[in-house]
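Participant: Can you keep this structure in mind? I'll have questions shortly.
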Amino acid sequence: PARPRVFSGIQPTADSFHLGNYLGALRHWVALQDTHDAFYCVVDLHAITAGHDPALLRQRSRVAAAQLYALGLDPERSTLFVQSQVPEHPQLAWVLGCITGFGEASRMTQFKDKSQKQGSERSSVGLFTYPILQAADILLYQADAVPVGEDQRQHLELSRDLAQRFNTQFGKTFTVPAPHIVKDTAKITDLQDPTAKMSKSSSSPAGIIDLLEEPARTAKKIRSAVTDTGREIVFDAEGKPGISNLLTIHSALSGRGIDGLVAAYAGKGYGDLKKDLAEVVTEFVRPIQERTRGYLDDPAQLDKLLAAGAEKARAVAGATLRAAYERVGF
Ligand code: ADP
Ligand code: NA
């Protein structure tokens, strides 16, 4: 039987992915290649919903793709492409927008949060319709499964509702996607504020480990990570979020279990753990940085890979869009 299909996207809205993106999402993308027919997308259309710089966006999309290949996405096994190179996405989004209720879209909490931050007069209609474009992203590929974090649950629910609604109204066209829940997903927290998640919008750059930053800089950030009072190295996410975060990162990258790590650090201090972790992280990022540079140093080859990805994506997306258009009466 054919492998189940998975779809996921990530925005090119930073100069580099950070360790939270990798441990919370991208390493699962890589692993899913072994079990699924994977479609992955750099969602640059989504990245213009809240203001952007054109040259920077173009650069960030390329760096994002280069990093994804460098992290282990294999263009032979999975389809990686840039969203704006597949015009079927906004084409299907229009149709889906016409079966989405205004009230239904208004209930999306991510829009409410983001537009509140920007001021509702200033936030764009694109930000409002973002979840509809996201539904189109998923439904075009007839995805069975979509890896989702907590923050994207409501959007996936909308995608499911729209697929079912379209199918009922116009005839079976779309696979209804299910959430793909990854067990033991690491939630990585900010090194300077261990109660907040590591995020590109963190208040201090010292709290985030970018995969592309200088290893020496990374080591320094780890050594300066905020830890808790006390001395004992134990895992207690509530009571000792700082040290627990360092243990989580170590375990995820070294493959050693948390319990084994705690046992190994019995009688040792925070400084010992930080020193070792700095080494683990820098050893991990070094080859990724080298491979990323390799892709970026050969722009023609990167373009070729992405064009091939877009072509594979369009073969599937085009067939879905034609079926949907035909059902709608176009
Ligand atoms: P950011 O929070 O930096 O804005 P995004 O929202 O673009 O990152 O997230 C991209 C992906 O990375 C999502 O799947 C998200 O769940 C995951 N992710 C982001 N930050 C973390 C984190 N600190 N720990 C685990 N996963 C994360
Ligand atoms: Na975010």
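Participant: At 1.4 Å probe size, with no ligands or nucleic acids counted, give the accessible surface of Asp144 in Å², nearest ten.
Facilitator: Estimated to the nearest 10 Å², Asp144 gives 70 Å².
Participant: Checking the cross-link filter: which lysines have an alpha carbon closer than 28 Å to that of Lys200, excluding same-chain neighbours under 8 positions apart?
Facilitator: Lys112, Lys114, Lys117, Lys183, Lys187, Lys220, Lys221, Lys240, Lys274, Lys275
Participant: Enumerate by residue number the trypsin sites (Lys or Arg not before Pro) in the range 58-153 meeting two conditions: DSSP loop (anything except H, G, I, E, B), and at most 15 other Cβ atoms within 10 Å of the site's Cβ. Before the final figure, lay out the partial values.
Facilitator: On the way: sites: Arg58, Arg60, Arg62, Arg77, Arg107, Lys112, Lys114, Lys117, Arg122, Arg153; in loops: Arg77, Arg107, Arg122.
When the trypsin sites (Lys or Arg not before Pro) of the range 58-153 are filtered for loop state and at most 15 Cβ neighbours within 10 Å, Arg77, Arg107, Arg122 remain.
Participant: Taking amide H positions as placed 1.01 Å from N in the peptide plane, with prolines and chain starts having none, which residues 5 or more places from Lys197, or on another chain, fall under 5 Å of its amide H?
Facilitator: Residues meeting the criterion, in which the H sits 1.01 Å from N, are Asp190.
Participant: Shifting gears a bit: In nm, what is the difference between 0.36 nm times the number of residues separating Asn167 and Ile99 and their Cα-Cα distance?
Facilitator: Values: separation 68, 0.36 × 68 = 24.48 nm, distance 1.13 nm.
So the chain would gain 23.3 nm between Asn167 and Ile99.
Participant: Taking the Cβ of Pro90 as the center, what net charge do the other residues with Cβ under 12 Å away carry, scoring Lys and Arg +1 and Asp and Glu -1?
Facilitator: Details: positive: none; negative: Asp44, Glu88, Asp137.
Local charge sum for Pro90: -3.
Participant: Okay, moving on. Using 1/(1 + (r/R0)^6) with R0 = 45 angstrom and r between the beta carbons of Asp236 and Phe330, what's the FRET efficiency to the nearest 0.05?
Facilitator: Efficiency for this residue pair is about 0.15.
Participant: Right, something else. Can you give the accessible area per residue of the range 259-320, in Å², using a 1.4 Å probe? All intermediate terms of the calculation are to be shown ahead of the outcome.
Facilitator: On the way: 3300 Å² over 62 residues.
So the range 259-320 comes to 53 Å² accessible per residue, rounded to a whole number.
Participant: Okay, moving on. For the range 283-295, what does the Karplus curve 6.51 cos²θ - 1.76 cosθ + 1.60, with θ = phi - 60°, yield as ³J(HN,Hα) per residue in whole Hz, taken in order and with x for Gly and Pro?
Facilitator: Once θ is set to phi - 60°, the couplings for the range 283-295 become 5, 5, 6, 3, x, 5, 5, 4, 5, 4, 4, x, 5 Hz.
Participant: Can you list the residues of the range 246-263 with backbone N under 18 Å from a point 7 Å past the Cα of Thr185, pointing along Cα to Cβ?
Facilitator: 248-249, 252-253
Participant: Summing -39500 (n - 2.57) over the DSSP H runs of n ≥ 4 in the chain and dividing by its residue number, what mean residue ellipticity at 222 nm do you reach, to the nearest 500 deg cm²/dmol? Intermediate results must be reported in sequence, preceding the final value.
Facilitator: Values: 12 runs with 169 residues, N = 330.
Value at 222 nm, helices only, nearest 500: -16500 deg cm²/dmol.
Participant: Using Cα pairs under 8 angstrom and six or more residues apart, how large is the relative contact order of the chain, in percent?
Facilitator: Numbers: 484 pairs, mean separation 71.6, N = 330.
Relative contact order for the chain comes out at 22 percent.
Participant: Suppose all protein chains stay in the model; what accessible area per residue would a 1.4 Å probe give for the range 1-117, in Å²?
Facilitator: Values: 4960 Å² over 117 residues.
Ligands and nucleic acids excluded, the figure is 42 Å² per residue.
Participant: 5 Å is the cut-off here: which amide hydrogens, built 1.01 Å from N in the peptide plane, fall below it relative to Glu213, excluding neighbours closer than 5 in sequence?
Facilitator: The answer is none.
Participant: Hey, another quick one. For the range 193-240, what does the accessible surface come to per residue with a 1.4 Å probe? Please give it in Å². Provide the component values of the computation, followed by the final result.
Facilitator: Values: 2930 Å² over 48 residues.
Per-residue value: 61 Å².
Participant: In addition: So if I place +1 on the C-beta of Lys and Arg and -1 on the C-beta of Asp and Glu, and nothing else carries charge, what would the dipole magnitude of the chain be about its Cα centre? I want it in debye, nearest 20.
Facilitator: Rounded to the nearest 20 debye, it is 260 debye.
Participant: If the elastic network links every pair of Cα atoms under 10 Å, which of Gly97, Gly242, Gly260 fluctuates the most in the Gaussian network model of the chain?
Facilitator: Gly260
Participant: Another question about this same structure. Excluding Ser123 itself, what net charge comes from residues whose Cβ is under 14 Å from its Cβ, given Lys and Arg +1 and Asp and Glu -1? Kindly include the intermediate steps, with their values, before the conclusion.
Facilitator: Numbers: positive: Lys112, Lys114, Lys117, Arg122; negative: Asp113, Glu121.
Residues close to Ser123 contribute a combined charge of +2.
Participant: Next question, about the same structure. Work out, step by step, the length gained on full extension between Lys304 and Glu214: first 0.36 nm times the residue separation, then minus their alpha carbon distance; give nm to one decimal. Don't skip to the answer; put the middle values down first.
Facilitator: Numbers: separation 90, 0.36 × 90 = 32.40 nm, distance 2.85 nm.
Value of the extension gain: 29.5 nm.
Participant: Let me ask another. Where Lys and Arg each count +1 and Asp and Glu each count -1, what net charge lies around Pro205 among other residues with Cβ under 13 Å from its Cβ? Working shown, then result.
Facilitator: Values: positive: Lys200, Arg217, Lys220, Lys221; negative: Asp15, Asp190, Asp193, Asp210, Glu213, Glu214.
It works out to a net charge of -2.
Participant: Where the accessible area of the chain is counted over protein heavy atoms with a 1.4 Å probe, how much of it, in %, is carbon and sulfur?
Facilitator: On the chain, the fraction of accessible area on carbon and sulfur atoms equals 52 percent.
Participant: Please give the peptides 271-280, 299-308 ranked by average Cβ packing (other Cβ atoms within 10 Å per residue), highest first, as a rough proxy for protection. Before the final figure, lay out the partial values.
Facilitator: Working: 271-280: 17.0, 299-308: 13.7.
Put in order of decreasing packing, that is 271-280, 299-308.
Participant: Arg27: accessible area at probe 1.4 Å, nearest 10 Å²?
Facilitator: For Arg27, solvent-accessible area is about 60 Å².
Participant: If you rank Val125, Val328 by how much accessible surface each has, with a 1.4 Å probe, what is the order from largest down? Provide the component values of the computation, followed by the final result.
Facilitator: Values: Val125 110, Val328 45 Å².
I get Val125, Val328, largest accessible area first.
The values are calculated or read from the model by the stated rules, or taken from the named source; none is laboratory data. Note that the coordinates shown come from a computational prediction; the quantities given were computed from them, not determined experimentally. As a convention, Cβ positions derive from the backbone with ideal geometry for all residues, glycine included, and neighbour counts pool all protein chains shown. Only protein heavy atoms, including side chains, enter the accessible area calculation; ligands, DNA and RNA are left aside. Shrake-Rupley method; radii C 1.70, N 1.55, O 1.52, S 1.80 Å.
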